[in-house]
1. For residue 90 and residue 30, what is the calculated FRET efficiency with R₀ set at 35 Å and r taken between the beta-carbons, to the nearest 0.05?
2. For segment 23-142, what is the convex hull volume of the alpha-carbon atoms per residue, in Å³?
3. Between the DSSP loop rule and a limit of at most 13 other Cβ atoms within 10 Å, which trypsin sites (Lys or Arg not before Pro) in segment 84-150 are left?
4. Can you give the Kirkwood hydrodynamic radius for segment 90-155, in Å, rounded to one decimal and based on Cα pairs?
5. Quick one: if you stick a label point 7 Å off each Cα along the C-beta vector at residue 98 and residue 80, how many nm between them?
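Every number in this text was worked out from the coordinates using simple rules, so none of it is lab data. These numbers come from a predicted model, not from an experiment. A quick note on method: Cβ atoms are made from the backbone with ideal geometry, for glycine too, and the neighbour counts reach across all protein chains shown.
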Amino acid sequence: MTRLFASAALLAFAAACAPSDAPTPAASESGPVLSYTDAFVMEPIGARDMTMGGLTLRVDGGDVTLTGASSPSIGTIEMHTMAMSDGRMQMRQVETFDIADGEALELKRGGNHFMMFDVGEDVVSGETIDITLTLDADGEPMTLVVEADVRAVGD
Ligand SMILES: [Cu+2]
């Protein structure tokens with residue numbers, strides 16, 4: 001077993017190097033460790049340049065707050081909640097998502113999600129794009145680079 005004594009930022013980098021479908025084992029005495037599965041972006045429909053995406057992001061070893069996401073392939077990524085309001089599904093932009101120690105944030109179709117605008121032409125089904133997550137761990141900034149699979153509707 002590897003013992004880790006790195007800073008939160010270095011631990012985030014280590015987590016970023018893990019394959020997307022293999023959660024990084026939690027081993028930290030100095031800060032939260034992030035791991036993720038099911039990172040995806042939907043291929044835009046037709047000629048539209050907006051779409052949505054998500055992932056399951058788990059934290060162990062401390063609480064974190066997801067404060068943003070960006071990608072070289074996408075102009076703007078917002079974080080949205082989805083909830084019933086007056087009998088209709090309504091999306092609402094939020095600035096942050098809190099993730100408690102030992103919990104996972106699930107961003108997915110039909111639920112909380114990433115909303116993506118000015119989507120680049122490389123966001124095509126079968127491709128993989130990088131998404132950089134920015135987080136705050138008790139005042140300590142963290143980043144995690146996620147490899148997201150681009151999926152077509154119906155995949
Ligand atoms: Cu949305």
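1. 0.30
2. Details: hull volume 13.5 nm³, N = 120.
Convex hull of Cα atoms, per residue: 112 Å³.
3. 109
4. This gives a value of 14.3 Å.
5. So the label points at residue 98 and residue 80 sit 2.5 nm apart.
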